[in-house]
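Below is one structure, written out as structure tokens, with a few remarks after it.
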Amino acid sequence: MKTILTLLAAAALAAPAAAEVATLNGAGATFPYPVYSKWFDEYHKVKPDLQINYQSIGSGGGIRQFTEKTVDFGASDGPMTDEQIAKVNGAVVHVPTVLGADVPAFNLDGVTELKLDGPALAGIFLGTIAKWNDPALVQMNPGAKLPDMAITVVHRSDGSGTTYCFTDYLSKVSKEWETKVGKGTAVNWPVGLGGKGNEGVSGLVKQTPGSIGYVELIYAQQNAIAYAAMKNKAGKFVKATIPAVTAAAAGVKMPKDYRVSITDAKGKDAYPISTFTWLLVYPKNAEGKGVVIKDFLRWMLKDGQGMAPALGYAPLPAAVKAMVAKTVETIQ
Amino acid sequence: MSTAVAPVRTSPAERGGARVPGPRERAGDRAFRLVVSGFAGLILLGAAAMAWQLTRGSWRTWAAFGPKFLWTSTWDPVNDVFGALPFLYGTVVSSLIALLIAVPLGVGSAIFLAELAPPRVSNAVSFAIELLAAVPSVILGLMGVFLLVPAVRAVEPFLSRWLGFLPFFRGAPYGVGLLAAGLILAFMILPYIAAIAREVLLTVPRSLKEALYALGATRWEVVREVSLPYARSGILGAVFLSLGRALGETMAVTMVIGNTPKISASLFDPAYSMAAVIANELAEAAGDAHLSALIAIGLVLFGVTVVVNGLARLLIYRLERP
């Protein structure tokens, strides 16, 4: 009831100033949806006369709607490709907002700690490493009792930014993966079962002894699923944590357009299967809208970032934040 | 995705065959006629628009792959190579498994309810069956994930031990796969078949049955000689209606089928269905070729249901005119 009243009050306040922008519409990625909806909610408290609507229809849909100019901003877990940018005549600003990570979740009786490196993970998902007691795995995990058991691979069946990040990583660490499978929001999986969403993958992993799949970090943490530590580029085994994900972002050279992959990043504490997620904004907006968007993005960098860790997202590293702040000022 | 439900045999006169020329058509009558024929026309228009839109949206795929799209098995959104066969296979086979299980069960229980059960039992059970038919499929899917899949996983090793000489019952017991999908679909369409078949069996005229009883026929003979032949086309209608639902089912299937576009003889292996791949990949299909291929899958699914409907019509037509 209170919210309805607030909304009515907001509508009443907004009504007289017809020239003021009262709503912004956005659509896109589902992966950052929890933190985005938190932000839009909190921002609405700061600016009661502005309502930001966000439809989490998926990154693909977000890019499509952004291209067709049916929304004020888009959102995507993967940067737009050169081909896609050409379709909007280059008129897009990628604004990185937060970071997320994928973890290899596994279900193996009596094993709680598992260490993997990139080639081994690629081997498992290619089907070339088919047993848990494969020499490559045994060598990496001297303490663990790895059984003589077939590995059941579980992957996402729905197209997803999580899959993009994961296959992007595998493409970087394995030539064979890059040529045979490649990276994308949905790929031609050589082996395994498909589960729908994080919950589908984790459900299959939990139910199937000897299985391994990948889920978002926050999902694995909330559901207490065992996940492996990954060997990063510096040769150190790192278990995914929010600081480790931010460290991955700090370890890359940021290009001007922010379209960067931070999988397999340098830095000794960097977690290698991490990714940015982006808002897609037009560099030139309709009368009045640019100011509103700019204001929101400023707030997102200043106040919004602090809300991310509680929801399982890693905030931007300081250097990136400073760089984005400058870019935001160029939006018209 | 509706399928023809055959009416029980009636003569043209009963159906009100030709329009009875009443008193002169008044303005109101004419308006009424126009309005309702407009409604009927809208349905046709809707179907045509659907076919047109699907064809247009998938044009890129047909131009790139031609009819080969239907019988190739690679589904690679990274390199934009698409083939629909594994999905076609998964949809058709899971639906056939469902029919194989649900038709005998459904028709059997309908015979019990219509012919043998005391009216109170019959009504109570029929009510429960109709309730089952109204359960949303995502609920059935949840049940599938938490109950059916573990059960199938537990049963599969036994099946392969005793029936492993058949290629259908081999392989690793994942639980998810064609078998689980077929079972969940069977569970989903069973109430449809049972409820409609019961209704149809109840329309069999008493006089016919009593005549046969008078000749000294047993219950089984009455069911076999009178009830089933009389209700045949209605029951077939129920079966095809259910098949239509099974072919198009999305949620429950995608939750238990394993979502792997591979064709394998074993029912234990994970598979994929047409509706499931569309639901899974549409939201994140960023590339135009990928999107077009998914719409092409939609067109194929549309085509399959049209063919099934056509066959149903043909079959019922044949049965009605021996």
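Every read-out reported here was derived from the displayed coordinates using simple, explicitly stated rules and does not represent laboratory data. A quick note: this is a predicted structure, and the numbers were derived from the prediction, not measured. A quick note on method: Cβ atoms are made from the backbone with ideal geometry, for glycine too, and the neighbour counts reach across all protein chains shown.
Computed quantities for the displayed model
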| item | result |
| --- | --- |
| About the Cα centre, charge dipole magnitude for segment B:68-320 (Lys/Arg +1, Asp/Glu -1 at Cβ), debye | 700 |
| Distance between segment B:147-215 and segment B:79-133 - C-alpha centres, whole angstrom | 7 |
| Evaluated at q = 0.11, 0.13, 0.15, 0.17 Å⁻¹: base-10 log I(q)/I(0), Debye formula over Cα of segment A:128-275 | -0.44, -0.62, -0.85, -1.11 |
| Average projection area in nm² (convex hull over Cα atoms of segment B:157-221, one quarter of hull surface) | 7.4 |
| Chain A, relative contact order [Cα under 8 Å, separation at least 6], % | 23 |
| Compactness of segment A:251-323, expressed as Rg and Dmax over alpha-carbon positions, Å | 14.3, 47 |
| Extent along principal axes [Cα atoms of chain A; Å; largest to smallest] | 72, 44, 33 |
| Helix axis angle, A:2-14 relative to chain A longest principal axis, alpha carbon, degrees | 50 |
| With eigenvalues of the C-alpha gyration tensor scaled by 5 and rooted, segment A:126-206, Å | 23, 17, 11 |
| Globularity index of segment B:20-144, i.e. its alpha-carbon radius of gyration over 2.2 N^0.38 Å | 1.76 |
| Dimensions in Å of segment B:67-212 - Rg and Dmax from alpha carbons | 20.0, 69 |
| Convex hull of Cα atoms in segment A:89-144, direction-averaged projection (nm²) | 6.6 |
| Rough spin-label spacing in nm, given labels placed 7 Å along Cα→Cβ, for residue B:73 and residue A:191 | 1.8 |
| Rounded D (µm²/s) - the protein assembly as shown, Kirkwood Rh over Cα pairs, Stokes-Einstein at 37 °C, 0.692 mPa s | 117 |
| Partners for residue B:68 among lysines (Cα-Cα distance below 26 Å; same-chain residues under 8 apart left out) | A:180, A:183, B:262 |
| Helix-only CD estimate at 222 nm, as mean residue ellipticity for chain A, using -39500 (n - 2.57) per DSSP H run (n ≥ 4) | -11500 deg cm²/dmol |
| Charge dipole (chain B, unit charges on Cβ, about Cα centre) - positive-most of B:265, B:129, B:107 | B:107 |
| Options A:314, A:51, A:62, ranked by Cα towards positive dipole end of chain A, top entry (Cβ charges) | A:314 |
| Which of B:221, A:216 has the fewest Cβ neighbours within 10 Å, and the rest in rising order | B:221, A:216 |
| Shape parameters for segment B:65-125, alpha-carbon atoms, Rg then Dmax in Å | 21.2, 63 |
| Relative contact order (percent, whole number), segment B:68-320, Cα cutoff 8 Å, 6+ residue spacing | 28 |
| Shielding by partners, peptide B:171-179 (average Cβ within 10 angstrom, other chains) | 3 |
| Sum of -39500 (n - 2.57) over DSSP H runs of 4+, divided by residues of chain B (222 nm, nearest 500) | -22000 deg cm²/dmol |
| Relative pair counts by distance (%), Cα atoms of segment B:229-318, 10 Å bins | 15, 36, 30, 15, 3, 0 |
| Isotropically averaged projected area of chain B, using the convex hull of Cα atoms (one quarter of hull area), nm² | 22.8 |
| Likely footprinting exposure, A:149, A:80, A:254, fewest C-beta neighbours within 10 Å first | A:149, A:254, A:80 |
